[in-house]
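J.: Take a look at this one; I'll ask things after.
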Amino acid sequence: MNRIGDLGFLLGMFFILFHFGTLEFGGVQKLAAELTPDSGILITITLLLFVGAIGKSAQLPLYTWLPDAMAGPTPVSALIHAATMVTAGIYMVVRSNVLFAMAPTTLTVILFVGVATSLFAAVIGLKQNDIKKVLAYSTVSQLGLMFAALGLGAFSSGIFHLVTHAFFKALLFLGAGSVIHALHGEQDIRNMGGLKKLIPITFITVLIAALAISGFPLLSGFFSKDEILAHAYEQNKTVWIILSFSSFLTAFYMFRLIYLTFFNTFRGTEETRSHVHESPWTMTVPLVVLCFLSIFGGLIGLPSVFNVGHWLDGYLSGVTEGSLRFLNHTEALNHTMEIGLMSLAGFGAILVILFARNRYITLHQLPPEEVSLKGFEKLVYNKFYVDEFYEKFISQPVFRLSTFAGDWIDKMIIDRVVNGSGWLVDFSGRTLRLLQNGNTGFYVFAMVIGMVVLFIIRLLI
């Protein structure tokens, strides 16, 4: 899937190099500003670059590799899936913001893909039982939210959520690793429970990270999410509704994970429970550091209602200011509306958390076994069968084609041509060798025959 994205990205680079003669950001954006906005070449370049972002940042339809990559070591997941690799697509679009701002058609595509991915992955996360798979689909959903911000032209807001997401998602992954370490490799949340007193540092830090990603008031994720939702409310109410719903789903499945993992009674074996212990300081210290950042990371981008400067927006202004004249942003929300939207988002997140608490603590509900699932619930549990669809209609046909190419084209045609040419050279060499017998009379005879043949050919021509 990343090769597909890489191909689109490379083609976009080739178009840039061909039309602008440089790949330097400054030179490209200066020359692009002289073109007609939404021209064919700009749309082509930006769409191809966005294909690269889709592959690298796991957006529809090239997202299934990221949950599969959760099989890797948990610290690696925390690093590349929360902070570095998967966010490269966001960074690339923001760094090339002038090109994208001059191609509103591409921004609309980015907005659609981001909104669809955010909602689609959030729905899948509702029914996952592997603790790392829940976080993986959460990552896909949050990346969709960031792309939605970019599609709205809110480039600094997308980077703001990228930064805060790096804090609390890395904390969630490392916290999940601490849980798995305590349970000796167990990753199914159905076999957990009652861990909050057994691994208290892990519990507190993961709880704060879950609150942050859920948009709990005054934590880092609250400010970055609210800023994106405010831009959505300004420009497209439908997008605002969908992204708000997606955010509420995030709060629900994250606290589904929290309650099933840390609350009620332990559901694993007694032997496993007897060995549960808090992780060593080498694991808990990073959790505490990331917990601090998850709480206070939002201070780099406080909304205007606090009457303080937006530090991150000012820091990025040198990169993003060139695109402002191409964006048709409406007037900023007044403080009353801004407070209203923040309150709605905050109270909504709290209500969803309380709803999850009622379901998984008060009512003691547990995820049902796969055999008992039916209808839409089964469809969501099986991730809408996208993996199976890709396997049946893409992976298997390509595999069969490669098998055919290897067994027939390679062996029956290419090998025969190569081996046949070798045999021909060997046969002709052995045959011509017989002519070199050292007999002078034979050589004179052959010379005469050759001269006669050449004379006849000359007469015929």
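J.: Tell me, which residue of the range 371-399 that is among the β-branched types (V, I, T) and touching a residue at least 24 places away in the same chain (Cβ under 8 Å) is nearest to A58 (Cα to Cα)? Outline the logic, then answer.
T.: First pass over the range 371-399, keeping only residues among the β-branched types (V, I, T): 371, 380, 386, 394, 398.
Imposing the further condition that a residue be touching a residue at least 24 places away in the same chain (Cβ under 8 Å) reduces the set to 380, 386.
Numbers: V380: 19, V386: 14 Å.
If we take residues in the range 371-399 being among the β-branched types (V, I, T) and touching a residue at least 24 places away in the same chain (Cβ under 8 Å), then V386 is nearest to A58 (Cα to Cα).
J.: Now a separate question. What about S279, is it surrounded by 14 or more Cβ atoms within 10 Å (Cβ to Cβ), in contact (Cβ under 8 Å) with a residue 24 or more places away in the chain, within 29 Å of N97 (Cα to Cα) and in the same structural domain as A210 (by TED's automatic domain parsing)?
T.: The answer is no for S279.
J.: Okay, next question. Among the numbered conditions (1) more than 20 Å from F155 (Cβ to Cβ); (2) surrounded by 24 or more Cβ atoms within 10 Å (Cβ to Cβ), tell me where L243 comes up short.
T.: Just one mismatch for L243, condition (1).
J.: Please identify the pairs in which a residue from the range 46-58 that is under 9 Å from G5 (Cβ atoms) has its Cβ atom under 8 Å from the Cβ atom of a residue that is aliphatic (A, V, I, L, M) and in a loop (DSSP other than H, G, I, E, B), counting only partners at least 6 apart or on another chain.
T.: I54/L60; I54/L62; G55/M1; G55/L62; K56/M85; K56/V86; S57/V86
J.: I'd like to verify a number: residues in the range 417-434 that are surrounded by 10 or more Cβ atoms within 10 Å (Cβ to Cβ) and either of a type in the set (S, T, Y) or not in a helix (DSSP H, G or I) (or both), how many?
T.: Matching residues across the range 417-434 total 2.
J.: For the range 325-416, give me every one of the helices (runs of 4 or more DSSP H) that falls completely inside it and has 3 or more residues that are of a type in the set (A, V, I, L, M, F, W, C) and exposed (fewer than 14 other Cβ atoms within 10 Å of the Cβ).
T.: Qualifying helices (runs of 4 or more DSSP H): 335-357, 396-404.
J.: Moving on. Within the set of pairs 6+ apart or on separate chains, which have a first residue in the range 5-32 that is modelled with pLDDT of 95 or more, a second that is among the hydroxyl-bearing types (S, T, Y) and in a helix (DSSP H, G or I), and C-beta atoms under 7 Å apart?
T.: The qualifying pairs are F15/T44.
J.: Now for a separate question. Report yes if G144 is within 11 Å of the chain's Cα centre (by Cα) and either in a loop (DSSP other than H, G, I, E, B) or in contact (Cβ under 8 Å) with a residue 12 or more places away in the chain (or both), otherwise no. Give the steps one after another, and end with the answer.
T.: Values: within 11 Å of the chain's Cα centre (by Cα): yes; either in a loop (DSSP other than H, G, I, E, B) or in contact (Cβ under 8 Å) with a residue 12 or more places away in the chain (or both): yes.
It is true that G144 is within 11 Å of the chain's Cα centre (by Cα) and either in a loop (DSSP other than H, G, I, E, B) or in contact (Cβ under 8 Å) with a residue 12 or more places away in the chain (or both).
J.: Output the residue which, of all residues in the range 282-309 that are touching a residue at least 12 places away in the same chain (Cβ under 8 Å) and among the small types (G, A, S), is surrounded by the most Cβ atoms within 10 Å (Cβ to Cβ).
T.: Here the answer is S294.
J.: Sticking with this structure for a sec: Give the range 188-220 a look and list any residue that's more than 19 Å from F252 (Cα to Cα) and buried (at least 19 other Cβ atoms within 10 Å of the Cβ), or say none.
T.: Of everything in the range 188-220, those that are more than 19 Å from F252 (Cα to Cα) and buried (at least 19 other Cβ atoms within 10 Å of the Cβ) turn out to be L195, I199, T202.
J.: List, please: which pairs have Cβ atoms under 6 Å, are six or more places apart or on different chains, and start with a residue in the range 206-232 that is farther than 18 Å from T139 by Cβ and end with one that is among the basic types (K, R)?
T.: none
J.: Here's another thing I want to ask about it. Spot the failing condition for M192; the list is (1) modelled with pLDDT of 95 or more; (2) touching a helix residue (DSSP H, G or I) at 6+ places or on another chain (Cβ under 8 Å), and only one is missed.
T.: (1)
J.: Still on this model: Go over the candidates A78, A53, A58 one by one and state the one that is in the same structural domain as L229 (by TED's automatic domain parsing) and at pLDDT below 90.
T.: From the options A78, A53, A58, the qualifying one is A78.
J.: Limited to the range 248-267, what total is found for residues that are of a type in the set (D, E, K, R) and either farther than 24 Å from L119 by Cα or touching a Leu at 6+ places or on another chain (Cβ under 6 Å) (or both)? Break it down stepwise before answering.
T.: Let us first name the residues in the range 248-267 that are of a type in the set (D, E, K, R), namely 256, 267.
Filter once more, so that each one left must be either farther than 24 Å from L119 by Cα or touching a Leu at 6+ places or on another chain (Cβ under 6 Å) (or both): 267.
Adding up the residues that qualify gives 1.
The values are calculated or read from the model by the stated rules, or taken from the named source; none is laboratory data. These numbers were taken from a predicted model, which means no experiment stands behind them. As a convention, Cβ positions derive from the backbone with ideal geometry for all residues, glycine included, and neighbour counts pool all protein chains shown.
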